[in-house]
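Comments concern the structure below.
Values quoted throughout were computed directly from the atomic coordinates according to the rules given, and no laboratory measurement underlies them. Everything numeric in this text was worked out from a predicted model, so none of it was measured. Counting neighbours? That spans all protein chains shown, and the Cβs are built from the backbone with ideal geometry, glycine included.
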Amino acid sequence: MVGTADKHFRGSLIGASPGSGPYFSIYIYTAASRPEVIAGTGQTHYLFNRGYVRDAAYEGPFTFGSQLASGTGIGAYLNPPSKGQGIGGITDGTSKTVMSMESHGGFVNWGDPAADGWCGSPWGQATFYSDFGFCPDPGNGNCDSSPEGRNMGYAMPGSFHAGNVMMTGMCDGSVRGILPQIDYATFVYICGKHDGQAVNFPE
């Protein structure tokens, strides 16, 4: 989980007090074998945009502010908010705001050869945060520069297409190919739904 307790995730899941954070490296692996988790997750090559979590001005379309799921523990995942993001909340323009981006996962080094390996994101956590940039980018420390990692990053946008073009779904339903050489500030702007920075893409 990434973000602020009881704003971006239910704090009771990790014993966090409301408003604490932001958290950037809280993971729930202990519930991975529960039947409801297995039934409700699957592999995907696309990540959904939650924007720049350090500043609410740059939230993405899959950040629902303070709307909380009902229930506690794993039950919070089974009872999502009754009201999601309205299209009217994407004030920068649906054709100029990212909904989802392609990701081929990344190499995760646990320090144990039996556990190390390439992995992607399940549907249950298939979101990305523009805070951490995109891959491949040799200048981005969040991208794994090891031979196995091939400059990709787990739960980060990136692809192995020619030129590393990332197939990107916009909020109006259109699809664009975005190069990883995109300026980082521009990347944050196109991920923000109401930051007032409406980026014009070249045609």
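Overview of values
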| item | result |
| --- | --- |
| Estimated distance in nm for a label pair at ALA198 and ALA57, the labels positioned 7 Å out from Cα along Cα-to-Cβ | 1.9 |
| Label-point separation, TRP118 to TYR184 (7 Å along Cα→Cβ), nm | 2.7 |
